Amino acid sequence: MAKKKSNKYLCTGCGHIEPRWMGKCPECGSWNSFLEQVAGKEEIDTEVTTPIPIPAIQFKEEIRFDTGIDEINRVLGGGAIRGSSILVGGEPGIGKSTLMLQITETAKVKGRVLYISGEESLAQIKLRADRLGIHSAHIEVYCNTILENILDTMEKIRPVLVIIDSIQTLHSRELSAVAGTVSQVKHCASALNEFVKAKSIALFLIGHVTKDGLIAGPKVVEHLVDTVLYFDQASAEIRVVRAVKNRFGSTDEIGLFNMTETGLIQVKDPLSLFLEHREGTPPPGVAIAPVYEGSRVLLVEIQCLVVPAKGGISRVFSDRIDSRRIFRLAAVLEKHMQLPFSDMDIYVNIAGGIKITEVGIDLPLSLALFSAKQNLSLPAEITVLGEVSLAGEIRAVSRIESRVKASLDLGFKLVIGPCMKTGEWPDQYCQVKTIQEAVKKSFTFQPKALPPQEKQ
């Protein structure tokens, strides 16, 4: 690669770079915000000077390695890629640093692993490592927040895996802004991303989040990195890792962990993790739905509460399901079941705290709304799946066979879903065409009694 030196002008407000000084930043509109950055170090010039035909491009296959944690491998698409950068965001105290320290221990890499901390001291990291039982000599800890020092250290020891905790604590001597500002975060993330790609290093960046749950700093950081993971808390002990961007895999997968005193433990069998184990008939407004998250089925409990609206204006309260979907399904019930919701407040929740976006929950959500409005309980032995159209028709969703099998394996007696033209289906799968038929089949289901010799 060719090397070059060049001066540049960087906006201290947003981090925008121009080849010459400008009075007003074209990106953020700030006046007199450009500072000259004198090129003191050589920069890697990765630009291609002439166009190259696709067959002539030389491609070196990425090296993917096992992180040692199956749930993280699942979310990343099979493991981490050397030369890639991964941004991990989450609420304070959710376990980001714990998870990253566990990855340094379990990652199956041949070489040195570097954990860079800008928030904790060596003693604090040692205490966490002792609690997690991490004592590997190949893991090296470096406490520093100056970008230039970090790059020099990475150049010197040549690690294969680097963890930085966190990107908001770093600052460069080239900028006068304080750590955590837009310009510093953007500049540090860009420099680190270029370095690890050139040196074939796998990089994990821990990021803080705002009060709105978004990763703090400029959005351009998420564009720079190859993968963006969000670390969420589903309940007091359950943690969920979800990819919102992944250049090397799918964004449909989730990783499930159980937070314990000795660290994060993978959830091996999450099928019934989010179900409430109760005896007898469930309360009104509860429906069980088999949902597909990535490559596996999870059974979740949808809870609805319908009460008279306060002030005459109906509202929907839901942070686990899109409120627009709830409004739409309430309108379908009002049109095709003559069930008014215009004067009601609707509360919707998913037990366990997991967020659901797929269309397969349309029918169970509709039945939960009907159950709550009519104060009728759905039978505890059924699960429901399917998409609901505006015409009140029940439409097919993906991988119905796996959803039906998962429900029956957990002991449910009936699965209500859309009509399927092909395939052999068990007797426990009840096919319905409309929302009216689904309501009728659901609330009239009676489980068959066991023969006398089989009764306990």
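Normalised by the residues of region 165-309, what does the relative contact order come to in percent, with Cα pairs under 8 Å and at least six apart?
13 percent
So for region 322-456, averaging the separation of alpha carbon pairs under 8 Å that are six or more residues apart and normalising by length, what relative contact order in percent results?
Dividing the mean separation by the residue count of region 322-456 yields 22 percent.
Give a residue-ordered list of calculated ³J(HN,Hα) values for region 427-436 (Karplus: 6.51 cos²θ - 1.76 cosθ + 1.60, θ = phi - 60°; whole Hz; x for Gly, Pro).
4, 6, 9, 9, 9, 10, 9, 10, 5, 5
Counting helices only, and only those DSSP H runs with n ≥ 4, report the 222 nm mean residue ellipticity of the chain as the sum of -39,500 (n - 2.57) divided by its residues, in deg cm²/dmol to the nearest 500.
The helix-only estimate for the chain comes to -7000 deg cm²/dmol at 222 nm.
Once a ≥ b ≥ c are taken as the square roots of the eigenvalues of the Cα gyration tensor of region 53-178, is the result rounded (a/c under 1.5), prolate (a/b larger than b/c) or oblate (a/b not larger than b/c)?
oblate
With an 8 Å cut-off on Cα pairs and a minimum separation of 6 or more residues, tell me the relative contact order of region 62-266 in percent.
29 percent
Tell me, how many Å apart are the Cα centres for region 250-299 and for region 326-405?
Spelled out, the Cα-based centre of one part sits 19 Å from the other.
Can you list residues from other chains, or at least 5 along the same chain, whose modelled amide H is less than 5 Å from the amide H of ILE254?
Here the answer is SER295, since their amide H atoms fall under 5 Å of that of ILE254.
Is region 180-265 best put as rounded, prolate or oblate by its Cα gyration tensor, with a ≥ b ≥ c the root eigenvalues, rounded for a/c under 1.5, and otherwise prolate when a/b is larger than b/c, oblate when not?
prolate
I need the shape label for region 362-401. Rule: rounded when a/c is under 1.5, else prolate if a/b > b/c, else oblate, with a, b, c from the alpha carbon gyration tensor.
In terms of gyration-tensor shape, oblate.
Amide H of GLY90 versus every other amide H placed in the peptide plane: which residues, excluding those fewer than 5 positions away on the same chain, fall under 5 Å?
GLY207, VAL209, PHE231
Which pairs, out of LYS156/LYS199; LYS211/LYS245; LYS96/LYS186; LYS310/LYS355; LYS126/LYS197, put more than 19 Å between their alpha-carbon atoms?
LYS211/LYS245; LYS96/LYS186; LYS310/LYS355; LYS126/LYS197
For SER33, which sequence-distant residues (separation of 5 or more, or a different chain) have an amide H within less than 5 Å of its own amide H, given hydrogens modelled in the peptide plane?
CYS25
Computed from these coordinates, which is volume of the Cα convex hull per residue in Å³: (1) 185; (2) 155; (3) 218?
(3)
For region 340-456, take the convex hull of the Cα atoms, compute a quarter of its surface area, and give me that in nm², please.
Average projection, Cα convex hull of region 340-456: 9.4 nm².
Each value in this text was obtained by applying a stated rule to the coordinates, not by laboratory testing. As the structure is a prediction and not an experimental result, all values here were calculated from the model.
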